[in-house]
Amino acid sequence: MIQLTDKILSEHYSHLSDKPFFQRVKDSMMTAPVIVCCYEGVDAIQVVRSLAGPTNGRLAAPGTIRGDFSMSFQENIVHASDSPETAEAELNRFFKPDELFEYKQATFDYLYACDEF
């Protein structure tokens, strides 16, 4: 759990800096601490984005994070990286190097077929 700062969010949302809602998005993200996570696995980005649901919570299916907990396009409650390159940049932004490490999860042999991972 971390408290996002204006500096971190200005970097994270730099691609929106010319939009009229830029400050509103940053203000929203600073209202409470957030949980940052790093997931790894086969098609992890696609899987996490499917679990999150579409950005607009009103369009998200029940059972997705946004479908169950969001009714807004902006206040969409969860962020998910959209590519490996974005994920790498975001991991570097939100985690210190010693906070991420590799290990073989005991359940991997039950989650994936032997030729999947």
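Rundown of residues vs (1) assigned to a helix (DSSP H, G or I); (2) at pLDDT 95 or above, yes/no style:
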site	(1), (2)
Leu4	no, yes
Ser10	yes, yes
His15	yes, no
Asp18	no, yes
Val36	no, yes
Val42	no, no
Gln46	yes, yes
Ser50	yes, yes
Pro54	no, yes
Exercise for the section: Would you check if there is a residue in region 73-83 being closer than 29 Å to Lys104 by Cα, among the hydrophobic types (A, V, I, L, M, F, W, C), in contact (Cβ under 8 Å) with a residue 24 or more places away in the chain and surrounded by 15 or more Cβ atoms within 10 Å (Cβ to Cβ)? Expected result: yes
Fill in the blank from the handout: Exception for Gly53 within (1) surrounded by 15 or more Cβ atoms within 10 Å (Cβ to Cβ); (2) on the phi < 0 side of the Ramachandran plot falls at (2)
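If I go through region 3-12 residue by residue, how many of them are over 15 Å from Thr31 (Cβ atoms) and free of Cβ contacts under 8 Å to residues at least 60 places away in the same chain? It would help to see each step written out before you state the result.
Pass one, region 3-12, residues over 15 Å from Thr31 (Cβ atoms): 7, 10-12.
Going one step further and asking which of them are free of Cβ contacts under 8 Å to residues at least 60 places away in the same chain, we end up with 7, 10.
Residues that pass the stated criteria total 2.
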Completion exercise
If we ask which residues in region 84-117 are free of Cβ contacts under 8 Å to residues at least 60 places away in the same chain, in a helix (DSSP H, G or I) and under 30 Å from Met29 (Cα atoms), their number turns out to be 11
Handout entry: Tally, over region 56-72, of residues that are on the phi < 0 side of the Ramachandran plot, outside any helix (DSSP H, G or I) and surrounded by fewer than 18 Cβ atoms within 10 Å (Cβ to Cβ)
Key = 5
Handout entry: Residue match in region 70-87 (condition: over 25 Å from Phe22 (Cα atoms) and not hydroxyl-bearing (Ser, Thr, Tyr))
Key = no
Practice task
Test Ala44 against the criterion of being free of Cβ contacts under 8 Å to residues at least 24 places away in the same chain, under 30 Å from Gln105 (Cβ atoms) and over 12 Å from the mean Cα position of the chain (by Cα), and give yes or no.
Solution key: no
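The values are calculated or read from the model by the stated rules, or taken from the named source; none is laboratory data. In this text, all values refer to a predicted model and were calculated from it rather than measured experimentally. Note that we place each Cβ from the backbone using ideal geometry, even for glycine, and neighbour counts take in every protein chain shown.
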